[in-house]
Amino acid sequence: MKIIIKLNKILVIQAVFLMIFLFASNIFSQALIRVNRLWGEVAENGGNKGITYNVSNIDLFADYGAYGCRFQGTEGFFSGFICVATDNWNGNVAVFSPIEKDQPNGDIVKPLENYARYNNPIYSIISGGNTTMPPANDLGDAIIVDPSKCLGTSDQTVTVTNKYTCGVTVQRKVLAWSQNLDNNYSIIDLTFTNDTSITFSNFYVFLHSGEYPFYIADGHSPGVSGTDQYYNNNASRKWYHYYGDRTTDSLRVYYYYSSDDPEKQGDNMGQPLTAEGGRLLDYNYTFVATLHASAQPYNPSGNMVNNVDAADQDDPNQPSVTTVANMQNVLNLPLFSNNYLSTGTDANNYYTVINGSNTTLAGDELTGADVRPGHHRKNADNEGKNAPGGEPGISPQSNSFESMITCYGPYTFSPGQQIRIVTATGIAGISRDKAVQVGEDWYNDTNNGTSTLTDPPNLPDAEKGYFPANFVFPDNATETDKKKDRWISTGIDSVHLTVSKAEWNFNHNYNTQVTPPPPSNLTVKGTGQGIFLQWSDPAAENMINFKGYRVMKKIGANDTTYYKEVFRSDTTSNKTTSAFTDPRIRVGAYYYYYVQAMLTVPTTDPNVYPLERGKTVYSGRVYFYNNTEVQGEGLVNETSDLDKIAIVPNPFNWKDPNLRGYNITNPTNLEIQFFELPRTVTIRIFTESGNLVKTIEHNRDAGNESWNMTNENGQTVASGIYIVLFQTPDGGTSYQKMVIAR
């Protein structure tokens with residue numbers, strides 16, 4: 001019996017240790033890329049950890065046009081699930097994922113390092129006498145503020161090294177910038193090293209980036225009305241286009257953009273929100289571009305020339321395979337996971353996609369003397385169709401789990417050699433303000449028969465805009481519809497410009513214009529004279545090209561309102577502390593503010609893209625999580641005349657329809673306001689019979705105060721006549737009568 005008990009104890013102890021081991025083995029760091037408009041993550045184990053976006057984080061940046069990658073699958077936008085493949089792993093074809101059955105938690109050779117250039121500001125909001133500290137920008141685990149560790153001028157640099165089960169290692173670097181000229185992309189710098197004694201033949205690097213994981217910050221407050229949602233569970237059809245497959249193409253970029261939804265009436269390209277006056281919601285392009293791809297594996301020399309090892313040469317014909325496919329639902333390939341096997345049927349099927357021999361996709365390839373070597377898929381938006389969907393390997397509506405696929409190879413990868421692949425991932429398109437203007441003009445012209453909306457200037461083609469030559473507008477599109485769509489087409493030019501800037505940045509050692517530091521502290525306070533802002537930013541003011549500050553303001557929390565500049569200083573503002581009072585406020589309205597430092601880009605800086613020289617750059621937008629409003633305060637009664645105090649509304653009558661017009665509901669937000677108060681006054685509220693109901697101590701730089709019609713115990717007061725006594729410290733006294741009718 002004792003032996004059995006002892007054995008049971010041993011088994012329990014072993015089970016506990018096993019659980020601890022399994023739990024610990026699943027713990028790994030996660031860096032959050034959140035210094036610019038495109039949010040993502042880098043998981044230490046080489047996979048994806050998953051992110052939830054909501055009103056507490058990315059929704060606060062709807063005005064900024066922020067996009068968030070949720071990483072619910074194996075998409076590789078920020079270096080997750082980068083795969084490699086060969087045809088001679090123990091005599092077999094093999095496709096290796098960082099996470100697979102033989103290493104379910106990945107193999108981390110060098111732990112994740114997560115560096116930021118600047119600290120978050122100390123941010124305080126004082127409203128109604130209460131002080132709130134909004135949350136700081138969360139950049140993930142192990143964040144260290146050390147500008148010397150940020151590569152080039154990047155505002156966030158993440159590095160980590162992982163190993164595949166075949167023994168090849170990959171060093172992953174992810175860089176992002178927050179200044180406004182380079183805030184819509186991140187660069188992913190990958191270096192693969194053959195640390196084995198095996199020479200891998202027909203070796204490929206396999207990148208795949210899908211559409212479905214993206215979350216748009218805009219369109220949640222208010223949400224998209226049912227009439228404006230896309231047909232298939234509000235999932236938009238997407239056109240996928242690769243530019244770089246022709247020998248005359250100057251860039252290598254895969255992008256996708258919203259098409260029309262032919263199941264719905266009318267042209268809804270760009271998703272115009274008719275319930276909100278027509279503003280466009282889905283007007284951006286998402287892209288993955290190749291900035292560098294090794295022509296051949298190389299033995300590193302250590303001599304870097306323009307950010308590239310002297311032994312390494314870029315190959316403009318890489319990637320050699322470009323296609324788009326729904327790998328899981330149409331090609332029936334498994335997700336990469338801890339159940340995935342790197343050899344066998346699934347690996348063989350994946351390898352046909354990677355090397356371009358997949359029979360389902362092969363029939364849709366480009367041909368011609370000017371097509372680059374390899375296997376490049378035809379672009380559906382240049383095939384004379386009015387909407388995508390149903391092409392080989394693509395779902396019927398091209399809106400579920402399609403992925404842009406770029407494969408680099410085939411390489412003969414010998415021991416000790418390296419392969420370097422550098423990509424940029426980002427978003428581009430017309431500005432949010434322009435999307436609002438175009439959508440509203442389109443809506444008004446469509447419904448009123450006017451002709452306010454004009455075409456974009458300098459279009460390469462008067463009819464198609466920047467769309468390809470064989471692009472087809474939606475069925476029954478009017479000329480007004482086409483003008484709207486031609487504005488959306490200018491996003492293609494924006495993609496090309498962004499990729500050109502990213503390529504320039506890479507070739508200049510990541511030394512584009514540095515971002516000015518954000519204010520080290522900011523206080524926003526509601527006062528009787530207006531909203532008062534005070535901040536300090538000595539680091540920015542000490543920069544030789546410092547240009548001053550701008551203050552941005554927004555009214556209300558809805559993402560249908562926009563931040564507008566309300567103050568701009570110049571270099572004469574150089575001082576220890578800067579301040580601004582915004583007098584244009586309404587009592588009781590909710591306001592949000594942020595402050596940015598400004599720099600002038602030197603006109604002679606060779607590291608900056610030529611078209612950006614001489615422009616103004618601003619400190620990062622995302623340093624201010626504006627989830628807390630400051631309320632407009634009433635003017636202070638500067639006289640000793642307490643009879644000027646006003647009680648509003650008085651009488652208070654719940655049945656008054658004017659109250660309901662102000663969204664006052666019973667009993668959640670019933671309030672009585674007192675206006676033209678002195679800075680310090682005691683307010684005592686009595687019943688008509690003289691019983692004290694409530695005491696309110698008003699002691700702040702504001703002339704208004706509120707009462708929610710509850711007593712000292714939090715109980716709602718009854719209808720009746722009340723006496724209000726106002727007393728100041730100097731002995732001033734005033735009485736007023738107040739009536740409440742529920």
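Whenever a residue of segment 674-688 is within 10 Å of L725 (Cβ to Cβ) and in contact (Cβ under 8 Å) with a residue 60 or more places away in the chain, it has no partner that is part of a strand (DSSP E or B) and among the polar types (S, T, N, Q) lying with C-beta atoms less than 9 angstrom away and at least six residues away or across chains. Pairs are defined by a Cβ separation below 6 Å, a sequence spacing of at least 6 or placement on different chains, a first member in segment 327-353 that is under 18 Å from N88 (Cβ atoms) and in the same structural domain as N90 (by TED's automatic domain parsing), and a second member that is of a type in the set (D, E, K, R) and surrounded by 15 or more Cβ atoms within 10 Å (Cβ to Cβ); the pairs so defined are S342/E100. For the residues S320, S294, the requirement of being in contact with a His (Cβ under 8 Å, 6 or more places away or on another chain) and surrounded by 19 or more Cβ atoms within 10 Å (Cβ to Cβ) singles out S320. Can you find a residue in segment 172-187 that is surrounded by fewer than 24 Cβ atoms within 10 Å (Cβ to Cβ), farther than 26 Å from N119 by Cα and assigned by TED's automatic domain parsing to the domain that holds N45? Checked segment 172-187: no residue is surrounded by fewer than 24 Cβ atoms within 10 Å (Cβ to Cβ), farther than 26 Å from N119 by Cα and assigned by TED's automatic domain parsing to the domain that holds N45. Answer yes if at least one residue in segment 62-79 is assigned by TED's automatic domain parsing to the domain that holds L190, polar (S, T, N, Q), surrounded by fewer than 22 Cβ atoms within 10 Å (Cβ to Cβ) and more than 30 Å from A702 (Cβ to Cβ), and no otherwise. Within segment 62-79, one or more residues are assigned by TED's automatic domain parsing to the domain that holds L190, polar (S, T, N, Q), surrounded by fewer than 22 Cβ atoms within 10 Å (Cβ to Cβ) and more than 30 Å from A702 (Cβ to Cβ). Taking segment 503-549 as the range and being modelled with pLDDT of 95 or more, within 28 Å of P610 (Cα to Cα) and either β-branched (V, I, T) or touching a Gly at 6+ places or on another chain (Cβ under 7 Å) (or both) as the test, the residues that pass are N509, Y510, N511, T512, V514, T515, P518. Of the strands (runs of 3 or more DSSP E) lying entirely inside segment 521-633, those containing at least 1 residues that are more than 26 Å from S221 (Cβ to Cβ) and touching a residue at least 40 places away in the same chain (Cβ under 8 Å) are 521-527, 530-536, 546-555, 578-582, 590-600, 616-618.
Is at least one residue of segment 495-510 out of contact with any strand residue (DSSP E or B) (no Cβ under 9 Å at 6 or more places or on another chain), over 28 Å from I216 (Cα atoms), outside the structural domain of A702 (by TED's automatic domain parsing) and polar (S, T, N, Q)? No: segment 495-510 contains no residue that is out of contact with any strand residue (DSSP E or B) (no Cβ under 9 Å at 6 or more places or on another chain), over 28 Å from I216 (Cα atoms), outside the structural domain of A702 (by TED's automatic domain parsing) and polar (S, T, N, Q). Across segment 244-271, the number of residues qualifying as surrounded by fewer than 22 Cβ atoms within 10 Å (Cβ to Cβ), over 16 Å from V495 (Cβ atoms) and of a type in the set (D, E, K, R) comes to 3. Residues in segment 284-306 that are in contact with a helix residue (DSSP H, G or I) (Cβ under 6 Å, 6 or more places away or on another chain) and either assigned by TED's automatic domain parsing to the domain that holds P606 or modelled with pLDDT of 95 or more (or both): 4 in all. Close contacts from segment 459-476, counting a first residue that is on the phi > 0 side of the Ramachandran plot and a second that is among the hydroxyl-bearing types (S, T, Y), with Cβ to Cβ under 9 Å and a gap of 6+ residues or different chains, come to G465/S489; G465/T490. Of all the residues in segment 337-358, those that are among the small types (G, A, S) and either surrounded by 18 or more Cβ atoms within 10 Å (Cβ to Cβ) or farther than 12 Å from F96 by Cα (or both) number 4. For K110, the conditions (1) within 28 Å of T512 (Cβ to Cβ); (2) surrounded by fewer than 17 Cβ atoms within 10 Å (Cβ to Cβ); (3) not assigned by TED's automatic domain parsing to the domain that holds S414 all hold with the exception of (3). Yes or no: segment 452-468 includes at least one residue that is more than 28 Å from the chain's Cα centre (by Cα), outside any loop (DSSP other than H, G, I, E, B) and farther than 18 Å from Y243 by Cα. Checked segment 452-468: no residue is more than 28 Å from the chain's Cα centre (by Cα), outside any loop (DSSP other than H, G, I, E, B) and farther than 18 Å from Y243 by Cα. Listed by position, the strands (runs of 3 or more DSSP E) contained in segment 147-240 that have at least 2 residues being at pLDDT below 95 and more than 30 Å from N348 (Cα to Cα) are 214-216. Of the residues W442, W504, the single one that is in a helix (DSSP H, G or I) and under 23 Å from L599 (Cα atoms) is W504.
If we keep just the residues of segment 110-136 that are assigned to a strand (DSSP E or B) and among the charged types (D, E, K, R), which is farthest from T680 (Cα to Cα)? For segment 110-136, the residue satisfying everything is K110.
The values are calculated or read from the model by the stated rules, or taken from the named source; none is laboratory data. Computed from a predicted model, the values in this text were never measured in an experiment. Positions of Cβ are generated from backbone atoms using ideal geometry, with glycine treated the same way; all protein chains shown enter the neighbour counts.
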